[in-house]
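Below you'll find the structure, written out as structure tokens, and then a few comments.
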Amino acid sequence: MSVIYLLLTLSILVALIFFIAFIVSVKSGQYDDSYTPSVRILFDDELVKEETENQ
């Protein structure tokens, strides 16, 4: 029975470590997307042309 308590404690500890690492990486801006907005402007004209052709 003590093995279950040990495994439960270790699994919660590992989960907390990964959660803290995730929060730190989000706050440091690792998941910010700086590439897509610069590329999206290149494709806006094609979307407008398709909408005007359909009308």
Exercise. With each pseudo-label sitting 7 Å past Cα toward Cβ, what's the MET1-ILE17 distance in nm, one decimal?
Worked result: 2.9
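How do 9-17, 29-37 rank on mean C-beta neighbours within 10 Å, highest first?
Numbers: 9-17: 10.0, 29-37: 7.8.
Output ranking for 9-17, 29-37: 9-17, 29-37.
Each value in this text was obtained by applying a stated rule to the coordinates, not by laboratory testing. A quick note: this is a predicted structure, and the numbers were derived from the prediction, not measured. Heads up, the Cβs are rebuilt from the backbone with ideal geometry, glycines too, and the neighbour counts pull from every protein chain shown.
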